[in-house]
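*Asks:* Sharing a structure, written as structure tokens. Questions coming.
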Amino acid sequence: MVILKGKSVFGGIAAGKIRFFRRKERSVKRLHITDTEREVSRFEQARQEGIRQLEQLYDQAVRDVGEANAAIFEVHRLMMEDLDYRDSVVHMITSQQVNAEFAVAAAADNFAAIFSSMEDAYMQGRAADVKDISERLLDILTGAAEKADEDEEPVIIGADDLVPSETLQLDQDMVLGFATMYGSANSHTAILARTMNIPAVIGLGEAFSQDYDGHMAVIDGFEGLVYIDPDEKVLEKMKERQEEARRRRELLIRLKGQENITLDGRRIQVYANIGHISDLGAAIQNDAQGIGLFRSEFLYLESRDYPDEEQQFQAYRKVAEGMGGKKVIIRTLDIGADKTVPYFRLKPEENPAMGLRAIRICLTRPDIFRTQLRALYRASAFGNLSIMFPMIISVDEIRQIKEIIGQVKEELREEQVPFREDVELGIMIETPAAAVNSGILAQEVDFFSIGTNDLTQYTLAIDRQNASLEEFYDPYHPAVLKLIRTTVEQAHAHGIWCGICGELGGDLKMTELFLAMGVDELSVSPALILDLREKIRETDAGKAREKMLAKCRDLLYDGKE
């Protein structure tokens, strides 16, 4: 028996034979070409055919996995139309006098290397996308036919990684789970696994090789483990866990449609955090009451240039309409620190987490901010949309934002563009400055949402990206909890609601304490919604507060009730 450790992207147990995804064997030779014009023409014809195929794939994906998950093929079409990619291939053909196949393969390697070298995990995932569109072009240029392998029984799909068009070829009824050598939580294999609700483990490394094709295996998606040729003891244990998970899921599903009310009658809002339109299906499937955090920066991270107003409007409108009148809170652009976008051309900083990021970029580049605000207010006419601003530390920032919003709304009125006048405006509480001054800030906005990840980082002066400091990073630190309590109290004192959208919001060990503090809303990963609902419905918030005061009076409340 061989045990491999990777990263879990969706929990659950799957047992079956491994079938490695088989790609067509291809050898691209470098040929000297004298008629470069003809070769460029061949490439252009192949590119147009590729665009046509991607349009067809988009239509198919809409039918099979929904519009949100089909969006990647629209991205692929845009990548194939991208002038940088096109010019790279054409330049190679004309300057080096090589065949189109070699130029496409070389361009794919170059662009994939660029994406892979980026620090942002989402951008690293785009390396697979550029390889995907290049493989499509090579199929067209060489006349290769696409044909997916067929299986007689459901299998565990093994691969180095899978690109979107490859996942779409798979018969979903024949897939028990995914196991890959590489990939990230933002990879399309991971997205599909979450969409299909099947166990998946990625990042197993090169120890997971095609030598295991046809071997019996068990995926433990809870622990991120893959057992190859498991013994009877492991099989029995995994069957028990699989049955336990099935029973647990059935019980949780019964909570769909139920209200999030504590035993003593307190109503708590449970929303979903999403980072892309493609996550909307998971939020709906898990019965989210709304979207508590929609990270709009994905529009910027997946683009080679600033997304225009129409592109943003269409994205925000899809989310607002998709939630059918439920609240959708969209966070404005939050890049900087660990989220870099090359075309913003931000100057290198010694300490980017403390530098030009989030609202600071928006207020120093108001044209970018105005474009996003126009798109957001236009989208507000199509649903229950609220806007949230990240990294706020002062009243002056809020007033600058309101001034720009006033100008945007006046422009839209003059243009007779419909929008909602009563859009709620909120801010993220992510710094000690914002928490300490929350009473002043609360007088300027409609709600708070506490970002516990950054709040912990800035309170403890510990870079949360630094693995060597992991033992010192303590999200349960008394200082962090005091700041959360202060923020909730000040929000309520000034008549606004307060939620939590950071990682702590989904920590079931903290739910009782947050309810005791009076938190109104918890926004979590879609997969955690039903577990959190169960926890809320089992909690007596009043008794939790009494217990907190008895145990933690000195720690949290300084001796005051």
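*Asks:* Would you point out which residue out of Ile440, Ile484 is touching a residue at least 24 places away in the same chain (Cβ under 8 Å) and under 26 Å from Arg266 (Cα atoms)?
*Replies:* Values: Ile440 fails: under 26 Å from Arg266 (Cα atoms).
Among Ile440, Ile484, only Ile484 is touching a residue at least 24 places away in the same chain (Cβ under 8 Å) and under 26 Å from Arg266 (Cα atoms).
*Asks:* For the stretch 425-438, name all the residues that are closer than 13 Å to His494 by Cβ and open to solvent by 10 Å² or more (accessible area, probe 1.4 Å).
*Replies:* Listed by number, the list holds a single entry, Asn437.
*Asks:* Given (1) assigned to a loop (DSSP other than H, G, I, E, B); (2) of a type in the set (Gly, Ala, Ser); (3) touching a Phe, Trp or Tyr at 6+ places or on another chain (Cβ under 6 Å), identify the lone condition not met by Gly324.
*Replies:* All conditions pass for Gly324, except number (3).
*Asks:* Here's something else I'd like to know. In the stretch 210-250, which residues are part of a helix (DSSP H, G or I) and in contact (Cβ under 8 Å) with a residue 60 or more places away in the chain?
*Replies:* If we filter the stretch 210-250 for residues that are part of a helix (DSSP H, G or I), which is where we start, we get 210-212, 232-250.
Residues satisfying the conditions are Gln210, Tyr212, Val234, Leu235, Met238, Lys239, Arg241, Gln242, Ala245.
*Asks:* While we're on this one: Based on what the data block shows, is Glu81 at pLDDT 75 or above, under 26 Å from Tyr316 (Cα atoms) and of a type in the set (D, E, K, R)? Break it down into steps so the answer makes sense when it comes.
*Replies:* Details: at pLDDT 75 or above: yes; under 26 Å from Tyr316 (Cα atoms): yes; of a type in the set (D, E, K, R): yes.
Taking the combined requirement at face value, the residue satisfies it.
*Asks:* Using the structure shown, decide if Leu528 is part of a helix (DSSP H, G or I), open to solvent by 60 Å² or more (accessible area, probe 1.4 Å) and closer than 19 Å to Arg295 by Cα.
*Replies:* Values: part of a helix (DSSP H, G or I): yes; open to solvent by 60 Å² or more (accessible area, probe 1.4 Å): yes; closer than 19 Å to Arg295 by Cα: yes.
Criteria met by Leu528.
*Asks:* Could you check the stretch 173-204 and list, in sequence order, the residues that are part of a helix (DSSP H, G or I) and either among the small types (Gly, Ala, Ser) or modelled with pLDDT under 70 (or both)?
*Replies:* His188, Thr189, Ala190, Ile191, Leu192, Ala193, Arg194, Thr195, Met196, listed by residue number.
*Asks:* Scan the stretch 292-300 and give yes if some residue there is part of a loop (DSSP other than H, G, I, E, B), of a type in the set (S, T, N, Q) and open to solvent by 10 Å² or more (accessible area, probe 1.4 Å), otherwise no. Let's see the steps before the verdict.
*Replies:* Step one: list which residues in the stretch 292-300 are part of a loop (DSSP other than H, G, I, E, B), which gives 296-297.
Adding the requirement that they be of a type in the set (S, T, N, Q) leaves 296.
Adding the requirement that they be open to solvent by 10 Å² or more (accessible area, probe 1.4 Å) leaves none.
No - not one qualifying residue is present in the stretch 292-300.
*Asks:* Please give the number of the condition Asp422 fails out of (1) open to solvent by less than 50 Å² (accessible area, probe 1.4 Å); (2) under 29 Å from Ala320 (Cα atoms).
*Replies:* (1)
*Asks:* Any chance you could count how many residues in the stretch 275-291 are of a type in the set (S, T, N, Q), more than 11 Å from Pro526 (Cα to Cα) and not in a helix (DSSP H, G or I)?
*Replies:* To start, the set of residues in the stretch 275-291 that are of a type in the set (S, T, N, Q) comprises 278, 285-286, 289.
Restricting the remaining residues to those that are more than 11 Å from Pro526 (Cα to Cα) gives 278.
Filter again for not in a helix (DSSP H, G or I), leaving none.
Selection size over the stretch 275-291: 0.
*Asks:* If you scan the stretch 224-255, which residues turn out to be over 17 Å from Gly16 (Cα atoms) and surrounded by 13 or more Cβ atoms within 10 Å (Cβ to Cβ)?
*Replies:* Of everything in the stretch 224-255, those that are over 17 Å from Gly16 (Cα atoms) and surrounded by 13 or more Cβ atoms within 10 Å (Cβ to Cβ) turn out to be Ala245, Arg248, Arg249, Leu252, Leu255.
*Asks:* For residues in the stretch 269-300 being among the acidic types (Asp, Glu) and within 11 Å of the chain's Cα centre (by Cα), which is farthest from Thr332 (Cα to Cα)? Give the derivation first.
*Replies:* Step one: filter the stretch 269-300 for residues among the acidic types (Asp, Glu), giving 279, 287, 297.
From what is left, the residues that are within 11 Å of the chain's Cα centre (by Cα) are 279, 297.
Working: Asp279: 18, Glu297: 7 Å.
Filtering first and then ranking leaves Asp279.
The values are calculated or read from the model by the stated rules, or taken from the named source; none is laboratory data. What you are looking at is a predicted structure, and each value in this text was computed from that prediction instead of being measured. Ideal geometry is used to build each Cβ from the backbone, glycine not excepted, and the neighbour counts take in all protein chains shown. Quick note on the areas: whole protein, heavy atoms, side chains included, nothing else; ligands and nucleic acids left out. Shrake-Rupley method; radii C 1.70, N 1.55, O 1.52, S 1.80 Å.
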